[in-house]
Amino acid sequence: MIPTTPPPGTVLLAGATGDLGGRILRNLVALGATVRVLTRPGTSTERIAQLRAQGVEVLQAGYDDPAGLRRACADVDCVVSAINGLDSAIFDAQSRLLEAAAAVGVPRFIPSDFSIDYRGIRPRSNRNLQFRRDFAQRLDATEIRATSILNGAFTDMLSGQAPMILFSRRRVLFWSDPDQVLDFTTKDDTAAYTAAAALDERAPRVLQIAGDQVTARTLAATMSELTGTQFRLLYAGSVGSLTAMSRAVKALMPASDKPFPPWQGMQYFASMFSGDATLNYISNDRYGSRTWTTARDVLDQHQQQISSAPVA
């Protein structure tokens, strides 16, 4: 029997100044955990004061400072990484943090996965997920017990960052199959679940969650109901053509250090619509029954914001 309220413990959180990391921090504090926040040297005094105001200890250490990282990891029950970026962050920085945790005997580590299931996709087909796959291999080579949180895509993206729903054209894009199941979880729900998992000594290697599982067809029906105007499906090509397009766009675009250039979004949709990254073993109720935010909830809120926005 999994406890619905895990006992408090000491957690080191890296990446707390980021969007998802800040949400994880608030949930850890709410659960009564003792929290240390790892920040880089140079973090503003104002930001450090904001963190300390939440009742947490703030330690500064660069990822090129092994001794500082070991001090930060000393006597903690779990390291939670919510850092984001390219291979220099997901692989290099996390590897140094992992080495420090292993050196001082930290028993558990939650990596910055928070994604669709990268284990089943074709190798090298998705840049950002490949970083996570590469780090997972390094993590599994240690004696630390790891727990990856796989939550699908962030539901929040449906209202903006992921251009699957063409609001002005009243269309919903799909590739290959409009009935392919797609997994989505909001950042808030992911953060709350991650905080509970960080305090769960028996958490398994992988935990899969999905705040909602939808298809392009059900999203079109949802938008039709919310707006009173029919949204139609729009075939955008096959998964293969989307993959080819992502390669072409990547080749034509100048090199960028942004985690999510347009071609990366194409790779993500290709991984989702192929079915290779679908979550098959959902553990939503591991920490007790909770109300999950659905895609309809997110889209409804988006429509209300549009309706209440002042006319230019």
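Can you name the condition, by its number, that S246 falls short on among (1) within 24 Å of A191 (Cα to Cα); (2) modelled with pLDDT under 95; (3) hydroxyl-bearing (S, T, Y)?
Failing condition for S246: (1).
Looking at the structure I just gave you, is R286 loosely packed, with under 15 Cβ neighbours inside 10 Å and among the charged types (D, E, K, R)?
So R286 fails the test.
Can you tell me which residue within region 124-138, out of those that are of a type outside the set (S, T, N, Q) and either at pLDDT below 90 or more than 19 Å from G275 (Cα to Cα) (or both), is most open to solvent (accessible area, probe 1.4 Å)?
By that ranking, first place goes to R124.
Could you list, in sequence order, all residues of region 261-301 that are among the aromatic types (F, W, Y) and either modelled with pLDDT of 95 or more or under 15 Å from L158 (Cβ atoms) (or both)?
Y268, F269, F273, Y281, Y287, W292
Check whether at least one residue in region 220-230 is open to solvent by 100 Å² or more (accessible area, probe 1.4 Å), over 20 Å from the mean Cα position of the chain (by Cα), farther than 26 Å from L150 by Cβ and of a type in the set (A, V, I, L, M, F, W, C), and report yes or no.
no
Can you find even one residue in region 175-187 that is modelled with pLDDT of 95 or more, in a helix (DSSP H, G or I) and among the basic types (K, R)?
Yes, because at least one residue in region 175-187 is modelled with pLDDT of 95 or more, in a helix (DSSP H, G or I) and among the basic types (K, R).
Check off (1) over 27 Å from D189 (Cα atoms); (2) of a type outside the set (S, T, Y); (3) touching an Asp or Glu at 6+ places or on another chain (Cβ under 7 Å) for G68 and give me the number that stays unchecked.
(3)
If K250 satisfies every condition in (1) surrounded by 13 or more Cβ atoms within 10 Å (Cβ to Cβ); (2) basic (K, R); (3) touching a residue at least 60 places away in the same chain (Cβ under 8 Å) but one, which is the exception?
All conditions are met except number (3).
Does P204 satisfy the condition of being part of a loop (DSSP other than H, G, I, E, B) and more than 30 Å from S95 (Cβ to Cβ)?
No, not satisfied.
Among the candidates I116, I83, single out the residue that is under 19 Å from R133 (Cβ atoms), open to solvent by 10 Å² or more (accessible area, probe 1.4 Å) and in contact with a Gly (Cβ under 7 Å, 6 or more places away or on another chain).
None of the others qualify; the one that does is I83.
Kindly check whether there is at least one residue in region 56-73 that is within 27 Å of N128 (Cβ to Cβ) and at pLDDT below 95.
Checked region 56-73: no residue is within 27 Å of N128 (Cβ to Cβ) and at pLDDT below 95.
Could you tell me how many of the residues in region 145-184 are open to solvent by 10 Å² or more (accessible area, probe 1.4 Å) and hydroxyl-bearing (S, T, Y)?
Residues that pass the stated criteria total 3.
Give me the residue from region 88-113 that is among the charged types (D, E, K, R) and touching an Asp or Glu at 6+ places or on another chain (Cβ under 8 Å) and, out of that set, most open to solvent (accessible area, probe 1.4 Å).
Taking the candidates together, the pick is R96.
All but one of (1) open to solvent by less than 60 Å² (accessible area, probe 1.4 Å); (2) hydrophobic (A, V, I, L, M, F, W, C); (3) farther than 23 Å from D189 by Cβ hold for A141, so report the exception by its number.
(1)
If A61 passes every condition in (1) in contact (Cβ under 8 Å) with a residue 24 or more places away in the chain; (2) surrounded by 21 or more Cβ atoms within 10 Å (Cβ to Cβ); (3) closer than 20 Å to L97 by Cα but one, which one does it miss?
Of (1) in contact (Cβ under 8 Å) with a residue 24 or more places away in the chain; (2) surrounded by 21 or more Cβ atoms within 10 Å (Cβ to Cβ); (3) closer than 20 Å to L97 by Cα, only one is false for A61: (1).
Could you list, in sequence order, the residues of region 10-24 that are over 18 Å from S44 (Cα atoms) and buried (at least 24 other Cβ atoms within 10 Å of the Cβ)?
Scanning region 10-24 gives V11, L12, I24.
In region 207-219, which residues are within 15 Å of the chain's Cα centre (by Cα) and either farther than 30 Å from I144 by Cβ or part of a loop (DSSP other than H, G, I, E, B) (or both)?
Of everything in region 207-219, those that are within 15 Å of the chain's Cα centre (by Cα) and either farther than 30 Å from I144 by Cβ or part of a loop (DSSP other than H, G, I, E, B) (or both) turn out to be I209, A210, G211, D212.
Mind listing just one residue for me: the one in region 21-38 that is among the basic types (K, R) and within 20 Å of the chain's Cα centre (by Cα) and, of those, farthest from A74 (Cα to Cα)?
R23
The values are calculated or read from the model by the stated rules, or taken from the named source; none is laboratory data. Bear in mind the structure is a predicted one, so any value in this text is a computation, not a measurement. Note that each Cβ is placed from the backbone with ideal geometry, even for glycine, and that neighbours are counted across all protein chains shown. When the accessible area is computed, the model is the full protein with side chains, heavy atoms only, and any ligands, DNA or RNA have been set aside. Shrake-Rupley method; radii C 1.70, N 1.55, O 1.52, S 1.80 Å.
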